[in-house]
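Worksheet: the structure to be examined is printed underneath.
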Amino acid sequence: QVQLVESGGGLVQAGDSLRLSCSFSGRHFPTYAVGWFRQVQGKEREFVGRILWSGWDAYADSVKGRFTIFRDNAKNVVYLQMNSLKPEDTAVYYCAAVQGRNTDKSYEYEYWGQGTQVTVSS
């Protein structure tokens with residue numbers, strides 16, 4: 001059974017940086033793609049970025065150039081480095097995992113963390 005736990009959220013000011021972590025427990029972590037999504041209350045969950053087992057990554061246009069995802073396969077952790085944060089980045093951030101697929105569709109991810117709140121003040 002796979003479990004994901006996010007950490008690192010908090011309250012920051014516009015322009016600040018924050019790093020979120022997604023700890024993966026279970027087998028075969030290197031075979032999983034891990035995606036990051038975010039959701040504002042009352043709105044649909046939004047794709048932020050994903051990273052494949054190979055390290056290949058992709059991002060939503062809204063965060064491209066500001067956010068970076070990287071993974072440590074030895075520690076079973078995926079990170080979301082967020083720089084130049086804006087108030088519109090405020091959301092609950094979720095990590096999700098799917099084995100052997102390359103997708104930005106939330107419904108295709110098999111496992112989800114509980115989410116961590118990121119609040120960016122202006």
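Summary of computed values
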read-out: Residues (under 11 Å from C95 (Cβ atoms) and either part of a loop (DSSP other than H, G, I, E, B) or hydroxyl-bearing (S, T, Y) (or both)) located in region 5-24; value: S7, G8, S21, S23
read-out: Hey, F37 open to solvent by less than 20 Å² (accessible area, probe 1.4 Å), touching a helix residue (DSSP H, G or I) at 6+ places or on another chain (Cβ under 7 Å) and not hydroxyl-bearing (S, T, Y) or not; value: yes
read-out: Residues located in region 1-24, provided they are more than 16 Å from the chain's Cα centre (by Cα) and without any contact (Cβ under 8 Å) to a residue 60 or more places away in the chain; value: Q1
read-out: Subset of region 29-62 [over 17 Å from S106 (Cα atoms) and either in a strand (DSSP E or B) or touching a strand residue (DSSP E or B) at 6+ places or on another chain (Cβ under 6 Å) (or both)]; value: T31
read-out: Any hit, region 75-90, residues being without any contact (Cβ under 8 Å) to a residue 40 or more places away in the chain and either loosely packed, with under 15 Cβ neighbours inside 10 Å or in contact with a Ser or Thr (Cβ under 7 Å, 6 or more places away or on another chain) (or both); value: yes
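Yes or no, residue by residue, for (1) of a type outside the set (V, I, T); (2) within 9 Å of the chain's Cα centre (by Cα); (3) modelled with pLDDT of 95 or more; (4) under 24 Å from G15 (Cβ atoms):
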| site | (1), (2), (3), (4) |
| --- | --- |
| G35 | yes, yes, yes, no |
| W53 | yes, no, no, no |
| I69 | no, yes, yes, yes |
| N73 | yes, no, no, no |
| S84 | yes, no, yes, yes |
| P87 | yes, no, yes, yes |
| Y93 | yes, yes, yes, yes |
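One line per residue, one yes/no per condition, for (1) farther than 19 Å from S17 by Cβ; (2) assigned to a loop (DSSP other than H, G, I, E, B):
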{"site": "F70", "(1), (2)": "no, no"}
{"site": "K75", "(1), (2)": "yes, yes"}
{"site": "Y79", "(1), (2)": "no, no"}
{"site": "L85", "(1), (2)": "no, yes"}
{"site": "E88", "(1), (2)": "no, no"}
{"site": "A97", "(1), (2)": "yes, no"}
{"site": "T103", "(1), (2)": "yes, yes"}
{"site": "Q114", "(1), (2)": "yes, yes"}
{"site": "Q117", "(1), (2)": "no, no"}
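The values are calculated or read from the model by the stated rules, or taken from the named source; none is laboratory data. Keep in mind it's a predicted model, so treat the numbers as computed, not measured. A quick note on method: Cβ atoms are made from the backbone with ideal geometry, for glycine too, and the neighbour counts reach across all protein chains shown. What goes into the accessible areas is simple: the full protein's heavy atoms, side chains included, and nothing from ligands, DNA or RNA. Shrake-Rupley method; radii C 1.70, N 1.55, O 1.52, S 1.80 Å.
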